[in-house]
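Since the structure comes first, as structure tokens, the remarks are kept for the end.
The values are calculated or read from the model by the stated rules, or taken from the named source; none is laboratory data. Since this is a predicted model, take the numbers as computed values, not measurements. Neighbour counts run over all protein chains shown; Cβ positions are idealised from the backbone, glycine included. Only protein heavy atoms, including side chains, enter the accessible area calculation; ligands, DNA and RNA are left aside. Shrake-Rupley method; radii C 1.70, N 1.55, O 1.52, S 1.80 Å.
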Amino acid sequence: MVTIDAKGLYYKTLNRQIREILSKGEKEIILKNILGQRYIGDGLRSRAALQIYGTPGQDLGAFMNGSSITVHGNAQDGVANTMNAGKIVIHGKAGEIPGHSMRGGKVFIKGDVEYRAGIHMKEYMDQVPRLIIGGTAKDYCGEYMAGGRVIILNLEDKEGSPVGYSVGTGIHGGAIYIRGRVEEYQLGVGAIFADINEADREFLEDALGEYSKDLGLDLTGIALEDFVKITRKGYRPFAKLYTPGMNIKYGTPKHLNLTPPCTYNCPADVPTPEFIKLIVDGKIKEAQLLMDEFTPFRMSVCGTVCPAPCMDACSRNLIDGPVQIQQLARDYYPDFDPELPKDKRQEIISIIGAGPAGLSAAWQLARRGYNVNVYDAMDDLGGKVRNAIPRERLSDEALDKDINRIKTLPIRFNLGMFLDREKLEEIYSNSNAVMIATGAHITKRINYPGGERILSGLEFLININEGQPMDLSGKEVVIIGAGNVGMDMACESWRLGARKVTAVDIQKPLAFGRELELAEELGTQILWPKMIEKLDENKIYFKDGTDVTADVIFFSIGEVPDTSFLPESVLLDKRGYMVTADKSFKGSDPKVYGAGDIIKPGLITDAIGMGRLAAMEIHATLNGEKFSYPEKELVPTKRIGTVYFGSETTEIERCMSCGTCIFCDICMEKCPQEAMTRNDEIFTIDPVKCTGCYTCVSVCPRGAIQEEFVGDFTMDEPGD
């Protein structure tokens, strides 16, 4: 190993020294006091390793072919420009065009990068370059990609999208994986969203494992479900823009209802604007019947414990704050029982689990006349909604309102029944379909040295609700995991007499909303990022050298399902979750379906929505029909005309009905050519009169009219 002090060295002199040392057989060089020297490691072909302390200049590792470079600091523009093989690990940030024209190798960056990350990346045969960015990236990420993989991790969970605009412009190969929210308007021409399949999951697990090892990061809290995938729409996204093939034509605008942000962000797909519109029109019972089509948990979940992603996404936030959707759910709660089925069917549906997913499915199927049998190990209905949510947040009275409505349906409940494989096989043989909705109840654990004394947070909450609370008088409590469940545990710990409550997490806490506010108001201290090194009988020691006193410690990092009762015909993934087909709830056994945390962890509303859709798939299958997974197309925020709103006097009038036409006729009034007409709910645009000025698109308050391109960017087949 040779050390070079590069302070004041001219970049040419430094690079000459590096090559001379490597030519003598040395394999590792430490470069100290680097400050802006360019072209370090360019073109190296040996298996050398460079350790850089400082900030290297432009084109670090350009044309490199097999060496490795580790930068203990930031890097400037052009990292790995046209690199062919090797690895570059940067423990800080990087500038513009990292990974420019990479043909192979790997680049791991801990922090943020600037513009055009991964531009012109390509791959050849088995050489598939990887560019992993731990922070965020700005505009034109993945521009003109012809291959390779770009991963944006957004480890600090910064507000807003982790990428800028024009993502994947001109992409015609490879893929971009982004952890966080990306809107369709951020995509560049030729880029589309794609579903993440099993091969993608395997790749991400492998790539993130290597990345975390090289950078010394703990990524156990990263969920693959949080990633979106962006890839090419076709092979030649700009082919039609070159003469003589250029033939751009603009079509007439299109009247098209899109998904409002509240519904788009609701895991149960509740169509809130339609619900509110019926109330405005005085059709109260019709509004309540509409809600029955989506969820039986209007009081306990929608109106009480749901963290309300609908309200977070509400376009009214752009003006004066969200529509109080939770309050409306409570105010317009039905005072009647659900309608009983008119026709009785012969099929028997067995549902294993009486939590939110199982009861949601039972509600849907029983209302359609099926013979529904529900099995659960507990003595009451509700699952975690009943047993794991503190009574201070969800009273028995609120939950019982929903449960009692469910009980009015002809559903047979088999409670206090523990199932093993033999019993499940018996149920299976007597059923036309079986749905597994047992949730996840086994606390996830990390085997820290000395961690045997860490208790299950879920069991802690369940014991409280069962009347067996732990005495925490005068105790210092530490909760590992700072999500909303962790905040519930913090509040309960204070109520049980704790002297101090601390929540620790390896990343920015996922807790939000009322749960976080209550915990902080009580004095809960939240520490992050904190990676635990070990524990003893008194303290938790972190890898950054700090520690915290802990008399009682709880895990709150999630749960995994118990699948010991499932037959071998039901396949599980590597994490122990039930495997279902893409956009389907059907398992590997065609008679077995899944919903809720048995498939993937999520909110209570996720379980409710999945239970409903699984029931719809069972219903379609038993009718010999194809199940169509509902797709949602979000109305762009820029299409919402906020200028039309702000003077409403009642809460139900404040809904802007985003994406959904309410026939206000502003588009027709403002059309300069009088090209638009309406017959009841049918709009007609005269293509002769329409000049394509898109005034109607601009003035529509709700974004229900969209500009439409007709045949302009049709993708060519290979070889065109």
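Which pairs do you get when a residue that is open to solvent by 40 Å² or more (accessible area, probe 1.4 Å), found in segment 200-218, comes within reach of a residue that is assigned to a helix (DSSP H, G or I), reach meaning Cβ atoms under 6 angstrom, with the pair 6+ apart or on two chains?
These pairs meet every condition: 201/224.
Would you check which residues across segment 581-604 are in a loop (DSSP other than H, G, I, E, B) and touching a residue at least 24 places away in the same chain (Cβ under 8 Å) and list them?
Once the filter is applied, which keeps residues that are in a loop (DSSP other than H, G, I, E, B) and touching a residue at least 24 places away in the same chain (Cβ under 8 Å), segment 581-604 yields 582, 583, 584, 585, 587, 591, 595, 600, 601, 602, 603.
Test each condition in (1) in a strand (DSSP E or B); (2) closer than 23 Å to residue 219 by Cα; (3) open to solvent by 10 Å² or more (accessible area, probe 1.4 Å) for residue 174 and report the one that comes out false.
That leaves (2) as the condition not met.
Restricting to segment 363-396, give me the number of residues that are under 22 Å from residue 618 (Cα atoms), touching a residue at least 60 places away in the same chain (Cβ under 8 Å) and in a helix (DSSP H, G or I).
3
Among strands (runs of 3 or more DSSP E) lying entirely in segment 397-512, which contain 2 or more residues that are within 30 Å of residue 335 (Cβ to Cβ)? Please lay out each step first, then the result.
Numbers: elements: 411-414, 433-436, 476-480, 500-504.
Hits in segment 397-512: 411-414.
Report yes if residue 81 is open to solvent by 10 Å² or more (accessible area, probe 1.4 Å) and part of a strand (DSSP E or B), otherwise no.
Details: open to solvent by 10 Å² or more (accessible area, probe 1.4 Å): yes; part of a strand (DSSP E or B): no.
No.
Residue check: is residue 150 part of a loop (DSSP other than H, G, I, E, B), of a type in the set (A, V, I, L, M, F, W, C) and buried (at least 24 other Cβ atoms within 10 Å of the Cβ)?
Working: part of a loop (DSSP other than H, G, I, E, B): no; of a type in the set (A, V, I, L, M, F, W, C): yes; buried (at least 24 other Cβ atoms within 10 Å of the Cβ): yes.
No; evaluated as a whole, the condition is false for this residue.
If you take the residues in segment 274-322 that are among the acidic types (Asp, Glu) and in contact with a Gly (Cβ under 9 Å, 6 or more places away or on another chain), which one is most open to solvent (accessible area, probe 1.4 Å)? Please lay out each step first, then the result.
So the first thing to find is which residues in segment 274-322 are among the acidic types (Asp, Glu), and the list is 274, 281, 286, 292-293, 312, 320.
Adding the requirement that they be in contact with a Gly (Cβ under 9 Å, 6 or more places away or on another chain) leaves 312, 320.
Values: 312: 104, 320: 81 Å².
Result: 312.
Given the residues 404, 432, which is the only one that is open to solvent by 50 Å² or more (accessible area, probe 1.4 Å), within 21 Å of residue 589 (Cβ to Cβ) and modelled with pLDDT of 95 or more?
On the way: 404 fails: within 21 Å of residue 589 (Cβ to Cβ).
None of the other options fit; the residue is 432.
If I ask for residues that are at pLDDT 95 or above, in contact with a strand residue (DSSP E or B) (Cβ under 8 Å, 6 or more places away or on another chain) and open to solvent by 30 Å² or more (accessible area, probe 1.4 Å), which ones from segment 37-69 would you list?
51, 53, 55, 68
Is there a residue being closer than 27 Å to residue 18 by Cβ, touching a Ser or Thr at 6+ places or on another chain (Cβ under 9 Å) and surrounded by fewer than 19 Cβ atoms within 10 Å (Cβ to Cβ) anywhere in segment 90-101?
Our first condition is that a residue be closer than 27 Å to residue 18 by Cβ; within segment 90-101, this holds for 90-101.
After this cut, where a residue has to be touching a Ser or Thr at 6+ places or on another chain (Cβ under 9 Å) as well, the list is 90-92, 100-101.
Right, trim to surrounded by fewer than 19 Cβ atoms within 10 Å (Cβ to Cβ) and you get 92.
Scanning segment 90-101, I find at least one residue that is closer than 27 Å to residue 18 by Cβ, touching a Ser or Thr at 6+ places or on another chain (Cβ under 9 Å) and surrounded by fewer than 19 Cβ atoms within 10 Å (Cβ to Cβ), so the answer is yes.
In segment 347-364, is there at least one residue being within 22 Å of residue 301 (Cβ to Cβ) and surrounded by fewer than 17 Cβ atoms within 10 Å (Cβ to Cβ)? Explain how you work it out, then say what you get.
Pass one, segment 347-364, residues within 22 Å of residue 301 (Cβ to Cβ): 351-364.
If we keep only those that are surrounded by fewer than 17 Cβ atoms within 10 Å (Cβ to Cβ) too, we end up with none.
Checking segment 347-364: not a single residue is within 22 Å of residue 301 (Cβ to Cβ) and surrounded by fewer than 17 Cβ atoms within 10 Å (Cβ to Cβ).
Listed here are the residues, each with its yes/no results for (1) over 26 Å from the mean Cα position of the chain (by Cα); (2) touching a residue at least 40 places away in the same chain (Cβ under 8 Å); (3) under 19 Å from residue 611 (Cα atoms).
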site	(1), (2), (3)
260	no, yes, no
263	no, yes, yes
274	no, yes, no
288	yes, yes, no
302	no, yes, yes
322	no, no, no
330	yes, no, no
334	yes, yes, no
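Go through (1) within 41 Å of the chain's Cα centre (by Cα); (2) open to solvent by 30 Å² or more (accessible area, probe 1.4 Å) one by one and return the number of the condition residue 107 breaks.
Here residue 107 meets the rest and fails (2).
What tally of residues in segment 547-580 results from selecting those that are in contact with a Phe, Trp or Tyr (Cβ under 6 Å, 6 or more places away or on another chain) and part of a loop (DSSP other than H, G, I, E, B)?
So the answer is 0.
Do you know which of the residues in segment 605-638 that are in contact with a Leu (Cβ under 8 Å, 6 or more places away or on another chain) and in a helix (DSSP H, G or I) is surrounded by the most Cβ atoms within 10 Å (Cβ to Cβ)?
Of everything passing the filter in segment 605-638, 611 is surrounded by the most Cβ atoms within 10 Å (Cβ to Cβ).
Using the structure shown, decide if residue 530 is out of contact with any Cys (no Cβ under 7 Å at 6 or more places or on another chain) and open to solvent by 40 Å² or more (accessible area, probe 1.4 Å). Please lay out each step first, then the result.
Values: out of contact with any Cys (no Cβ under 7 Å at 6 or more places or on another chain): yes; open to solvent by 40 Å² or more (accessible area, probe 1.4 Å): no.
No, not satisfied.
Go through segment 329-346 and report how many residues are open to solvent by 10 Å² or more (accessible area, probe 1.4 Å) and in a helix (DSSP H, G or I).
Total meeting the criteria: 2.
Can you pull out every residue in segment 514-536 that is touching a helix residue (DSSP H, G or I) at 6+ places or on another chain (Cβ under 8 Å) and under 21 Å from residue 154 (Cα atoms)?
Within segment 514-536, 526 is the sole residue that qualifies.
How many residues are open to solvent by less than 60 Å² (accessible area, probe 1.4 Å) and within 15 Å of residue 522 (Cα to Cα) when one looks only at segment 495-509? Show your work before the answer.
First, the residues of segment 495-509 that are open to solvent by less than 60 Å² (accessible area, probe 1.4 Å): 496-498, 501-507, 509.
Applying the additional criterion that residues be within 15 Å of residue 522 (Cα to Cα) yields 496-498, 501-503.
Total satisfying the criteria: 6.
Residue-wise test of (1) of a type in the set (D, E, K, R); (2) assigned to a helix (DSSP H, G or I); (3) modelled with pLDDT of 90 or more.
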| position | (1), (2), (3) |
| --- | --- |
| 193 | no, no, yes |
| 199 | no, yes, yes |
| 205 | yes, yes, yes |
| 208 | no, yes, yes |
| 237 | no, no, no |
| 240 | yes, yes, no |
| 244 | no, no, no |
| 262 | no, yes, yes |
| 274 | yes, yes, yes |
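Restricting attention to segment 660-682, does a residue exist that is in a loop (DSSP other than H, G, I, E, B) and of a type in the set (S, T, N, Q)? Walk me through it before giving the result.
Applying the first criterion (in a loop (DSSP other than H, G, I, E, B)) to segment 660-682 yields 660-665, 671-675, 680-681.
Applying the additional criterion that residues be of a type in the set (S, T, N, Q) yields 660, 673.
Yes, segment 660-682 contains a residue that is in a loop (DSSP other than H, G, I, E, B) and of a type in the set (S, T, N, Q).
Anything in segment 652-667 that is in contact with a helix residue (DSSP H, G or I) (Cβ under 8 Å, 6 or more places away or on another chain) and either open to solvent by 60 Å² or more (accessible area, probe 1.4 Å) or aliphatic (A, V, I, L, M) (or both)? List them, or say none.
Matches in segment 652-667: 652, 653, 656, 662, 666.
For segment 404-431, which residues satisfy the criterion of being without any contact (Cβ under 8 Å) to a residue 60 or more places away in the chain, within 30 Å of residue 291 (Cα to Cα) and out of contact with any strand residue (DSSP E or B) (no Cβ under 7 Å at 6 or more places or on another chain)?
404, 407
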